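Structure first, commentary second.
The values are calculated or read from the model by the stated rules, or taken from the named source; none is laboratory data. Only a predicted model underlies this, so the values are computations on that prediction, with no experimental measurement involved. Please note: Cβ atoms are built from the backbone with ideal geometry, for glycine as well, and neighbour counts cover all protein chains shown. Each accessible area value is taken on the protein alone, full model and side chains, heavy atoms only, with ligands, DNA and RNA left out. Shrake-Rupley method; radii C 1.70, N 1.55, O 1.52, S 1.80 Å.
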Amino acid sequence: MRKFFYSFLSIILFVGVIYFGTGFYLAHTILSIDHSCGVHEGSLPNTWSTKLDYQNIKDEKRIELRKKFEATKYHLNKWENVTFSSREPDITISGWLFNYYPNKPVVIVVHGLFPNGKCKSEPNLIASLLINNGINALTIDLRNYGESTIVSSYENLGLSEYQDVLGAFDFLQIKGFKKNQIGLLGISLGASTAIFAAAKEPAIKAIWSESSLASFNMVLADEIDRYGFPNIFGFAVSFAGKLLTGIDPTDLNPVYALNNYQNYYFTHGEEDQRMYVSHFNFIKNYATINGINAEYWSLPQAGHVDAVLMNPKEYGSRMKTFFEKHLGN
(Lines give C-alpha, C1' and ligand atoms only; values in the text may rest on other atoms or scores of the structure.)
Protein backbone atom coordinates (compact mmCIF):
# COMPACT_ATOMS: atom_id res chain seq x y z
CA MET A 1 0.00 0.00 0.00
CA ARG A 2 2.79 2.39 0.93
CA LYS A 3 4.54 1.69 -2.36
CA PHE A 4 1.32 2.42 -4.21
CA PHE A 5 0.89 5.68 -2.27
CA TYR A 6 4.39 6.90 -3.11
CA SER A 7 3.96 5.94 -6.74
CA PHE A 8 0.67 7.81 -6.89
CA LEU A 9 2.23 10.85 -5.19
CA SER A 10 5.13 10.80 -7.63
CA ILE A 11 2.74 10.77 -10.57
CA ILE A 12 0.80 13.73 -9.09
CA LEU A 13 4.01 15.69 -8.55
CA PHE A 14 5.23 14.88 -12.05
CA VAL A 15 1.93 15.98 -13.60
CA GLY A 16 1.99 19.14 -11.45
CA VAL A 17 5.50 20.03 -12.57
CA ILE A 18 4.56 19.52 -16.22
CA TYR A 19 1.31 21.47 -15.82
CA PHE A 20 2.72 24.51 -14.03
CA GLY A 21 5.99 24.35 -15.95
CA THR A 22 4.02 24.62 -19.17
CA GLY A 23 2.03 27.49 -17.64
CA PHE A 24 5.23 29.39 -16.80
CA TYR A 25 6.63 28.74 -20.26
CA LEU A 26 3.50 30.10 -21.94
CA ALA A 27 3.16 33.08 -19.59
CA HIS A 28 6.83 33.99 -20.05
CA THR A 29 6.57 33.66 -23.83
CA ILE A 30 3.36 35.68 -24.07
CA LEU A 31 4.33 38.46 -21.65
CA SER A 32 8.09 38.94 -22.22
CA ILE A 33 8.56 42.42 -23.71
CA ASP A 34 10.71 43.39 -26.64
CA HIS A 35 11.41 46.97 -25.51
CA SER A 36 12.32 48.06 -29.02
CA CYS A 37 10.06 49.15 -31.85
CA GLY A 38 11.20 46.25 -34.03
CA VAL A 39 11.74 47.18 -37.69
CA HIS A 40 10.38 50.65 -36.91
CA GLU A 41 13.12 51.46 -34.42
CA GLY A 42 14.23 55.05 -35.09
CA SER A 43 11.25 55.92 -37.27
CA LEU A 44 9.93 59.48 -36.99
CA PRO A 45 6.64 61.14 -38.02
CA ASN A 46 8.30 62.12 -41.30
CA THR A 47 10.21 58.89 -42.03
CA TRP A 48 7.95 55.95 -41.05
CA SER A 49 6.94 53.32 -43.58
CA THR A 50 4.79 50.18 -43.72
CA LYS A 51 6.94 48.38 -46.29
CA LEU A 52 8.82 46.28 -43.74
CA ASP A 53 5.87 45.87 -41.40
CA TYR A 54 4.90 42.31 -42.23
CA GLN A 55 7.50 39.98 -40.65
CA ASN A 56 4.84 38.10 -38.70
CA ILE A 57 2.16 38.29 -41.38
CA LYS A 58 1.49 35.21 -43.52
CA ASP A 59 -1.46 36.51 -45.53
CA GLU A 60 -0.16 37.70 -48.91
CA LYS A 61 -3.04 40.15 -49.27
CA ARG A 62 -2.09 41.88 -46.03
CA ILE A 63 1.59 41.91 -47.00
CA GLU A 64 0.78 43.57 -50.32
CA LEU A 65 -1.39 46.14 -48.53
CA ARG A 66 1.64 47.24 -46.53
CA LYS A 67 4.11 47.08 -49.39
CA LYS A 68 1.93 49.28 -51.57
CA PHE A 69 0.83 51.78 -48.95
CA GLU A 70 2.14 55.29 -49.74
CA ALA A 71 3.22 56.39 -46.28
CA THR A 72 4.95 59.53 -47.52
CA LYS A 73 1.53 61.06 -48.26
CA TYR A 74 0.88 61.02 -44.54
CA HIS A 75 4.21 62.17 -43.15
CA LEU A 76 4.12 65.08 -40.69
CA ASN A 77 7.02 67.50 -40.44
CA LYS A 78 6.04 69.45 -37.35
CA TRP A 79 5.90 67.94 -33.88
CA GLU A 80 7.22 68.55 -30.37
CA ASN A 81 9.24 65.98 -28.44
CA VAL A 82 7.72 65.92 -24.97
CA THR A 83 8.20 64.07 -21.69
CA PHE A 84 5.96 63.99 -18.67
CA SER A 85 5.24 61.92 -15.60
CA SER A 86 2.95 58.93 -15.48
CA ARG A 87 0.46 59.08 -12.64
CA GLU A 88 2.58 56.33 -11.15
CA PRO A 89 5.61 57.95 -9.46
CA ASP A 90 9.11 57.72 -10.97
CA ILE A 91 7.91 56.74 -14.44
CA THR A 92 8.59 59.17 -17.29
CA ILE A 93 6.63 58.94 -20.51
CA SER A 94 7.90 60.07 -23.89
CA GLY A 95 5.59 61.49 -26.54
CA TRP A 96 5.25 63.37 -29.80
CA LEU A 97 2.79 66.26 -29.55
CA PHE A 98 1.14 67.43 -32.79
CA ASN A 99 -0.37 70.71 -31.60
CA TYR A 100 -1.54 72.25 -34.88
CA TYR A 101 -4.89 73.83 -34.01
CA PRO A 102 -5.47 76.27 -31.11
CA ASN A 103 -8.72 75.69 -29.22
CA LYS A 104 -9.33 72.37 -30.96
CA PRO A 105 -9.60 68.86 -29.42
CA VAL A 106 -6.64 66.56 -28.97
CA VAL A 107 -6.51 62.75 -29.02
CA ILE A 108 -3.99 60.61 -27.11
CA VAL A 109 -2.97 57.69 -29.35
CA VAL A 110 -2.07 54.52 -27.39
CA HIS A 111 -0.03 51.80 -29.13
CA GLY A 112 -0.40 48.05 -28.79
CA LEU A 113 1.71 45.04 -27.84
CA PHE A 114 5.47 44.71 -28.44
CA PRO A 115 7.41 45.37 -30.53
CA ASN A 116 5.64 48.69 -30.67
CA GLY A 117 5.63 52.34 -29.67
CA LYS A 118 4.92 55.77 -31.08
CA CYS A 119 7.47 55.03 -33.82
CA LYS A 120 5.28 52.31 -35.37
CA SER A 121 3.30 52.93 -38.56
CA GLU A 122 -0.24 52.76 -37.13
CA PRO A 123 0.13 55.47 -34.43
CA ASN A 124 1.90 57.70 -36.95
CA LEU A 125 -0.77 57.20 -39.60
CA ILE A 126 -3.61 57.78 -37.15
CA ALA A 127 -1.93 60.96 -35.86
CA SER A 128 -1.65 62.16 -39.45
CA LEU A 129 -5.30 61.43 -40.19
CA LEU A 130 -6.33 63.30 -37.06
CA ILE A 131 -4.25 66.32 -38.07
CA ASN A 132 -5.63 66.22 -41.62
CA ASN A 133 -9.11 66.34 -40.11
CA GLY A 134 -8.52 69.30 -37.83
CA ILE A 135 -7.83 67.44 -34.56
CA ASN A 136 -4.58 67.60 -32.57
CA ALA A 137 -2.77 64.44 -31.48
CA LEU A 138 -0.33 63.11 -28.90
CA THR A 139 1.36 59.78 -29.56
CA ILE A 140 3.15 58.15 -26.62
CA ASP A 141 5.47 55.35 -25.61
CA LEU A 142 3.95 53.47 -22.71
CA ARG A 143 6.30 52.35 -19.93
CA ASN A 144 8.73 49.63 -21.05
CA TYR A 145 8.57 50.93 -24.63
CA GLY A 146 10.70 53.26 -26.72
CA GLU A 147 12.00 56.30 -24.86
CA SER A 148 9.82 55.92 -21.78
CA THR A 149 11.02 54.47 -18.47
CA ILE A 150 11.83 50.75 -18.51
CA VAL A 151 10.55 49.20 -15.29
CA SER A 152 9.98 45.55 -16.15
CA SER A 153 10.73 42.72 -18.53
CA TYR A 154 7.05 41.79 -18.73
CA GLU A 155 3.89 43.29 -20.21
CA ASN A 156 1.25 44.33 -17.67
CA LEU A 157 -1.52 44.26 -20.29
CA GLY A 158 -2.68 47.82 -19.65
CA LEU A 159 -3.52 47.09 -16.01
CA SER A 160 -0.66 49.37 -14.90
CA GLU A 161 -0.02 51.24 -18.14
CA TYR A 162 -3.36 53.05 -17.97
CA GLN A 163 -1.58 55.31 -15.44
CA ASP A 164 0.72 56.44 -18.26
CA VAL A 165 -2.28 57.46 -20.36
CA LEU A 166 -3.65 59.42 -17.41
CA GLY A 167 -0.25 61.09 -17.10
CA ALA A 168 -0.66 62.19 -20.72
CA PHE A 169 -4.17 63.45 -19.88
CA ASP A 170 -2.72 65.56 -17.03
CA PHE A 171 0.14 66.82 -19.22
CA LEU A 172 -2.20 68.05 -21.95
CA GLN A 173 -4.05 70.16 -19.41
CA ILE A 174 -0.73 71.78 -18.47
CA LYS A 175 -0.29 72.50 -22.20
CA GLY A 176 -3.58 74.37 -22.19
CA PHE A 177 -6.15 71.80 -23.28
CA LYS A 178 -9.37 71.52 -21.27
CA LYS A 179 -10.46 68.17 -19.86
CA ASN A 180 -13.43 67.97 -22.19
CA GLN A 181 -11.15 68.51 -25.21
CA ILE A 182 -9.09 65.37 -24.62
CA GLY A 183 -10.03 62.03 -26.20
CA LEU A 184 -8.35 58.63 -26.34
CA LEU A 185 -7.61 56.22 -29.17
CA GLY A 186 -6.21 52.78 -28.45
CA ILE A 187 -4.82 50.29 -30.95
CA SER A 188 -5.18 46.55 -30.21
CA LEU A 189 -4.00 46.01 -26.61
CA GLY A 190 -3.73 49.80 -26.39
CA ALA A 191 -7.52 49.92 -26.70
CA SER A 192 -7.83 48.04 -23.40
CA THR A 193 -5.35 50.46 -21.84
CA ALA A 194 -7.36 53.44 -23.10
CA ILE A 195 -10.64 51.98 -21.81
CA PHE A 196 -9.12 51.35 -18.37
CA ALA A 197 -7.73 54.91 -18.27
CA ALA A 198 -11.09 56.41 -19.23
CA ALA A 199 -12.85 54.38 -16.55
CA LYS A 200 -10.71 56.23 -13.98
CA GLU A 201 -11.43 59.66 -15.50
CA PRO A 202 -15.11 60.48 -16.04
CA ALA A 203 -14.10 63.76 -17.73
CA ILE A 204 -12.86 61.79 -20.74
CA LYS A 205 -15.89 61.63 -23.01
CA ALA A 206 -14.64 59.99 -26.22
CA ILE A 207 -12.73 56.70 -26.59
CA TRP A 208 -11.93 55.10 -29.96
CA SER A 209 -11.10 51.39 -29.81
CA GLU A 210 -9.27 49.75 -32.72
CA SER A 211 -9.21 45.91 -32.72
CA SER A 212 -9.71 45.50 -28.98
CA LEU A 213 -9.96 42.30 -26.98
CA ALA A 214 -13.13 41.86 -24.94
CA SER A 215 -12.33 39.70 -21.91
CA PHE A 216 -9.49 37.80 -20.30
CA ASN A 217 -11.06 34.37 -20.64
CA MET A 218 -11.58 34.87 -24.36
CA VAL A 219 -8.10 36.16 -25.12
CA LEU A 220 -6.43 33.57 -22.87
CA ALA A 221 -8.13 30.75 -24.74
CA ASP A 222 -7.07 32.36 -28.03
CA GLU A 223 -3.44 32.72 -26.96
CA ILE A 224 -3.08 29.21 -25.54
CA ASP A 225 -4.57 27.78 -28.71
CA ARG A 226 -2.17 29.92 -30.77
CA TYR A 227 0.71 28.05 -29.14
CA GLY A 228 -0.91 24.68 -29.74
CA PHE A 229 -1.94 23.86 -26.18
CA PRO A 230 -5.41 22.95 -24.83
CA ASN A 231 -7.32 25.47 -22.71
CA ILE A 232 -6.84 23.27 -19.63
CA PHE A 233 -3.57 25.17 -19.10
CA GLY A 234 -5.48 28.43 -18.56
CA PHE A 235 -5.21 28.41 -14.78
CA ALA A 236 -1.47 27.64 -14.87
CA VAL A 237 -0.85 30.49 -17.33
CA SER A 238 -2.91 32.92 -15.21
CA PHE A 239 -1.09 31.86 -12.04
CA ALA A 240 2.32 32.21 -13.66
CA GLY A 241 1.40 35.56 -15.19
CA LYS A 242 0.52 36.92 -11.78
CA LEU A 243 3.84 35.77 -10.30
CA LEU A 244 5.86 37.17 -13.20
CA THR A 245 4.20 40.58 -13.41
CA GLY A 246 2.78 41.30 -9.97
CA ILE A 247 -0.62 42.08 -11.49
CA ASP A 248 -3.63 39.82 -11.77
CA PRO A 249 -4.11 39.13 -15.50
CA THR A 250 -7.67 37.94 -14.88
CA ASP A 251 -8.55 41.64 -14.44
CA LEU A 252 -7.98 42.14 -18.18
CA ASN A 253 -11.67 42.67 -18.96
CA PRO A 254 -12.09 45.97 -20.82
CA VAL A 255 -15.65 45.13 -21.80
CA TYR A 256 -16.68 45.28 -18.14
CA ALA A 257 -14.96 48.67 -17.70
CA LEU A 258 -17.34 50.31 -20.19
CA ASN A 259 -19.89 52.72 -18.72
CA ASN A 260 -22.89 54.72 -19.87
CA TYR A 261 -21.51 58.21 -19.20
CA GLN A 262 -18.75 58.01 -21.82
CA ASN A 263 -18.84 57.48 -25.59
CA TYR A 264 -17.06 54.73 -27.52
CA TYR A 265 -16.33 53.84 -31.11
CA PHE A 266 -15.33 50.24 -31.86
CA THR A 267 -13.77 49.15 -35.13
CA HIS A 268 -12.52 45.67 -36.07
CA GLY A 269 -11.50 43.63 -39.10
CA GLU A 270 -13.78 40.68 -39.77
CA GLU A 271 -10.79 38.55 -40.86
CA ASP A 272 -8.63 39.50 -37.87
CA GLN A 273 -6.52 36.46 -36.92
CA ARG A 274 -4.66 38.20 -34.09
CA MET A 275 -7.71 39.40 -32.16
CA TYR A 276 -10.67 37.51 -33.51
CA VAL A 277 -13.84 39.36 -34.48
CA SER A 278 -15.64 37.38 -31.77
CA HIS A 279 -14.22 39.98 -29.35
CA PHE A 280 -15.88 42.79 -31.31
CA ASN A 281 -19.17 40.90 -31.38
CA PHE A 282 -19.02 40.22 -27.64
CA ILE A 283 -18.35 43.90 -26.92
CA LYS A 284 -21.18 44.99 -29.21
CA ASN A 285 -23.64 42.60 -27.59
CA TYR A 286 -22.62 43.57 -24.05
CA ALA A 287 -22.71 47.30 -24.80
CA THR A 288 -26.12 47.05 -26.46
CA ILE A 289 -27.66 45.13 -23.56
CA ASN A 290 -26.20 47.54 -21.00
CA GLY A 291 -27.06 50.81 -22.70
CA ILE A 292 -23.48 51.85 -23.46
CA ASN A 293 -23.16 54.83 -25.83
CA ALA A 294 -21.19 53.23 -28.66
CA GLU A 295 -20.82 53.08 -32.42
CA TYR A 296 -19.44 50.14 -34.40
CA TRP A 297 -17.61 49.60 -37.69
CA SER A 298 -16.56 46.11 -38.78
CA LEU A 299 -14.70 45.76 -42.06
CA PRO A 300 -15.04 42.71 -44.31
CA GLN A 301 -11.74 41.28 -45.59
CA ALA A 302 -9.75 43.32 -43.06
CA GLY A 303 -7.14 41.70 -40.83
CA HIS A 304 -5.67 43.01 -37.58
CA VAL A 305 -5.54 46.83 -37.58
CA ASP A 306 -5.93 46.80 -41.37
CA ALA A 307 -8.87 49.22 -41.50
CA VAL A 308 -6.76 52.35 -41.24
CA LEU A 309 -4.51 51.15 -44.09
CA MET A 310 -7.35 49.95 -46.31
CA ASN A 311 -9.57 52.99 -45.89
CA PRO A 312 -7.51 55.91 -44.54
CA LYS A 313 -9.81 58.61 -45.92
CA GLU A 314 -12.96 57.06 -44.44
CA TYR A 315 -11.14 56.23 -41.22
CA GLY A 316 -10.10 59.86 -40.82
CA SER A 317 -13.60 61.10 -41.62
CA ARG A 318 -15.19 58.79 -39.07
CA MET A 319 -12.70 59.90 -36.40
CA LYS A 320 -13.45 63.54 -37.17
CA THR A 321 -17.20 63.02 -36.82
CA PHE A 322 -16.88 61.03 -33.60
CA PHE A 323 -14.38 63.20 -31.77
CA GLU A 324 -15.89 66.52 -32.82
CA LYS A 325 -19.30 65.28 -31.66
CA HIS A 326 -18.12 64.32 -28.18
CA LEU A 327 -15.18 66.64 -27.43
CA GLY A 328 -15.39 70.35 -26.70
CA ASN A 329 -13.72 73.12 -28.71
### Query
the stretch 165-263: D in µm²/s via Stokes-Einstein (Kirkwood Rh, Cα pairs, 25 °C, 0.890 mPa s)?
164
### Query
What is the spread of the Cα atoms of the stretch 171-223 along each of their three principal axes, largest first, in whole Å?
44, 17, 16
### Task
Report, by chain and number, residues whose modeled amide H sits under 5 Å from the one on Leu299, excluding near sequence neighbours (fewer than 5 apart, same chain).
His268, Gly269, Glu270
### Query
Roughly how many nanometres apart are two label points built 7 Å out from the Cα toward the Cβ at Tyr25 and Trp297?
4.3
## Note on the structure
Given 25 °C, 0.890 mPa s and a Kirkwood radius over Cα pairs, the Stokes-Einstein diffusion coefficient of the stretch 48-156 in µm²/s is 162
### Query
Any idea what angle helix 189-200 forms with the longest principal axis of the chain, computed on alpha-carbon atoms, 0 to 90 degrees, nearest 10?
80
### Task
Could you work out the mean projected area of the convex hull around the alpha carbons of the stretch 115-191, in square nanometres to one decimal?
5.4
### Query
Counting only heavy atoms of protein chains, what accessible area per residue, in Å², does the chain have with a probe of 1.4 Å?
44
### Query
Roughly what % of Cα-Cα distances in the stretch 283-329 sit above 12 Å, to the whole percent?
70
### Task
Using a 1.4 Å probe and ignoring any ligands, DNA or RNA, find the accessible area of Phe235 and quote it in Å² to the nearest 10.
130
### Message
Please give the Cα centre distance for the stretch 83-145 versus the stretch 209-245, rounded to the nearest Å.
### Response
28
### Message
Give me a comma-separated list of calculated 3J(HN,Hα) values for the stretch 39-46, in order, Karplus coefficients 6.51, -1.76, 1.60 applied at θ = phi - 60°, integers in Hz, x for any Gly or Pro.
### Response
5, 8, 3, x, 5, 10, x, 10
### Message
Could you work out the percent of alpha carbon pairs in the stretch 94-251 separated by over 28 Å, rounded to a whole number?
### Response
23
### Summary
Restricted to the chain, the DSSP antiparallel beta bridge percent, nearest 5, is 30
### Query
Convex hull over the Cα atoms of the stretch 25-104, averaged projected area in nm²?
8.8
### Task
Consider just the alpha-carbon atoms of the stretch 202-329 and return their Rg together with their Dmax, both in angstrom.
16.3, 51
## Note on the structure
Sequence order, the stretch 18-29: Karplus ³J(HN,Hα) from phi using 6.51 cos²θ - 1.76 cosθ + 1.60, θ = phi - 60°, Hz rounded, Gly and Pro as x, gives 5, 4, 6, x, 5, x, 5, 4, 5, 4, 4, 5
### Task
State the extension gain, in nm to one decimal, for the chain segment bounded by Ala221 and Thr92, taking 0.36 nm per residue of separation less the distance between their alpha-carbons.
43.1 nm
#### Entry: Contour excess over end-to-end distance, with Cα ends at Lys73 and Lys178 and 0.36 nm allotted per residue
34.7 nm
### Query
Fully extended, how many nm does the chain gain between Asp170 and Glu41 (0.36 nm per residue separation, minus their Cα-Cα distance)?
43.7 nm
### Summary
As straight-line cross-link partners of Lys178, the qualifying lysines (C-alpha separation under 29 Å, not fewer than 8 residues apart within one chain) are Lys78, Lys104, Lys118, Lys120, Lys200, Lys205, Lys313, Lys320, Lys325
### Task
Would you work out what percent of the accessible area of the stretch 144-295, with all protein chains in place, is carbon or sulfur (probe 1.4 Å)?
52
### Summary
For the chain, the Cα gyration tensor yields equivalent-ellipsoid semi-axes (√(5λ), largest first, whole Å) of 36, 21, 20
## Note on the structure
So the angle from the long Cα axis of helix 234-245 to the longest Cα principal axis of the chain, reported in degrees to the nearest 10, equals 60
### Query
Please state the relative contact order of the stretch 78-131 as a whole percent: Cα pairs under 8 Å, 6+ residues apart?
26
### Query
So how do Met275, Met218, Met310 rank on accessible area, 1.4 Å probe, biggest first, that is with the largest at the start?
Met310, Met218, Met275
### Query
For helix 216-226, what angle does its Cα long axis make with the longest principal axis of the chain, in degrees from 0 to 90 and rounded to 10?
70
